[in-house]
1. Got a sec to turn the phi values of segment 33-46 into Karplus ³J(HN,Hα) couplings, 6.51 cos²θ - 1.76 cosθ + 1.60 with θ = phi - 60°, whole Hz, x for Gly and Pro?
2. Taking the Cα centre of the chain as the origin and placing charges on Cβ (Lys, Arg +1; Asp, Glu -1), which of VAL160, ASN28, VAL356 is farthest toward the positive end of the dipole?
3. Give me the number: length gained by fully extending ASP242 to GLU431, i.e. 0.36 nm times residue separation minus the C-alpha to C-alpha distance, one decimal in nm.
4. Decide, for segment 325-434, between rounded, prolate and oblate: order the square roots of the alpha carbon gyration tensor eigenvalues as a ≥ b ≥ c, take rounded if a/c falls under 1.5, and otherwise choose prolate if a/b is larger than b/c, else oblate.
5. Could you list which residues have their amide H under 5 Å from that of LEU134, counting only those 5 or more apart in sequence or on another chain, with H placed in the peptide plane?
6. Taking θ = phi - 60°, what integer Hz values does the Karplus form 6.51 cos²θ - 1.76 cosθ + 1.60 yield along segment 376-392, in sequence order, with x for Gly and Pro?
7. So how far apart, in nm, are the two label points at LEU105 and GLU260 if each is 7 Å from Cα heading toward Cβ?
8. In terms of the Cα gyration tensor, with a ≥ b ≥ c the square roots of its eigenvalues, is segment 241-413 rounded because a/c is under 1.5, prolate because a/b exceeds b/c, or oblate?
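Here, each number is a calculation from the coordinates, and none is a lab measurement. All values derive from a computational prediction rather than experimental measurement. Neighbour counts are summed over all protein chains in view; Cβ atoms, including those assigned to glycine, are modelled from backbone coordinates with ideal geometry.
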Amino acid sequence: MRPHLLYTAWSFPPSRAGGVYRALATVNAFAADGWDVTVLTVPREIFESSTGVDASLEEQLASGVRVLRVDPGSTAHLSDLHRWSRFRARNIEMWRGVERMRDLLRFPELTYGRWRPRLERAAAAVHAQRPVDLAIGTANPNVDFTAGAHLSRRFGVPYVMDYRDAWGLDVFTGEALGSLVPGRARTERRLLAGAAEIWFVNEPIRAWHAQNFGLAERMHVVANGYDEYEVPLAVPVRPGRDEGVVFGYIGTMSDQVPVEPLVRAWRLARERGTIAAADRLVIHGYVGHSGTGTAADALAEAAGDGVIFRGPVSKSRIGETYAGFDALVLALGTGKYVTSGKVYEYAATGIPIVSVHDPGNAATDVVRDAPGWVGTRSLAPEDIADALIAMAGIAARQTPEERAAAQQWGAQFARRAQLVPRIDALRGLVEGAA
């Protein structure tokens, strides 16, 4: 009989939030390995009114995967003012205080805590209909872990905690996160103690948790890797580079991404005459979650300097966008624990990569051996400009043979290659228990 996986993720198609790609790929990998998969997530209306949607992602879900959408019971994501209660509209601070209490009474996580009892009831109902052999929760939010823990306590089902983001670690500063939320640290320790496996996106984050919690033998690195969609990521060398080199960036421009230093460096390189007037910096993605902030201002000001902002692209056809680039800009927030799933996708294209992030980031460990890679010495605009200038020459000269060799190097980061060892181990665990 096919094993049954219960997978819990707040961010799941059609959400466009960053964690959705890891969730989608994990579910599809288990389905490809012969598992029946049931997913617990939230109603699509939550994404439509908050983080936004990418409807094309739903088309990528493996056939046969059952998706159950469980209302979280929270109104924090309700942005339509017409649907606000009179109490919320007139007493917003008091309303927030009441909402926080409702969350914390159920789970030590603001905004998401009250999803716990609903998740647990849904998980138990799924298990009653078709026994669950394994449960996986991916965070954040961390309440996602509770469905598996509930099945473990009641029915002995093994569960996996997949940390997309750390709960108690600030990956940008490297500091342990203090919390005024009562019981948070205690709850995390209890969940970790009961987990069959604990996954992290890179080795620095895994090592930090092993040092602080023990349980090293259960902790594994499952790197994000890249996913292939409708259009292949391995794109050919672009014709027409002699008319200007195109630098490209794809990703969400949060407050941590050094967009302003990048734009200043681009202008500086153009002023030096070492980035040609015909060269362009094309940026695709979302500017935070609201479309405003310092990144938006910097992009608007640089519109006349060859910096072009084109908004988001469909993930399923993202290869078409990569085909229009000659060099890729890997701009990331600072932190030794920061990798980003984008680095693996960039590597798969074979396009030369220029790193615009702190050299101490975990992403450096991924790309330092990439053919044609250039890294900035620091995030000072002068150093970024030097890196952009060096990359312009590499990108203009890359041959089709060099592109093919770079794509072969990048193939090692396919998401499935990261997941298969863990799926095999968990199948063994489940079959051994049976």
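1. Values, residue by residue: 7, x, 9, 7, 10, 10, 10, 9, 8, 9, x, 4, 4, 5 Hz.
2. The Cα lying farthest towards the positive end belongs to VAL160.
3. Working: separation 189, 0.36 × 189 = 68.04 nm, distance 5.85 nm.
Result for the pair: 62.2 nm of gain on full extension.
4. On the way: a/c = 4.22, a/b = 1.78, b/c = 2.38.
It is oblate, given that a/c is not under 1.5 and a/b is not larger than b/c.
5. HIS4, LEU6
6. 6, 6, 7, 8, 5, x, 5, 6, 5, 4, 4, 5, 5, 5, 4, 5, 4
7. 4.3 nm
8. Details: a/c = 1.29, a/b = 1.14, b/c = 1.14.
In terms of gyration-tensor shape, rounded.
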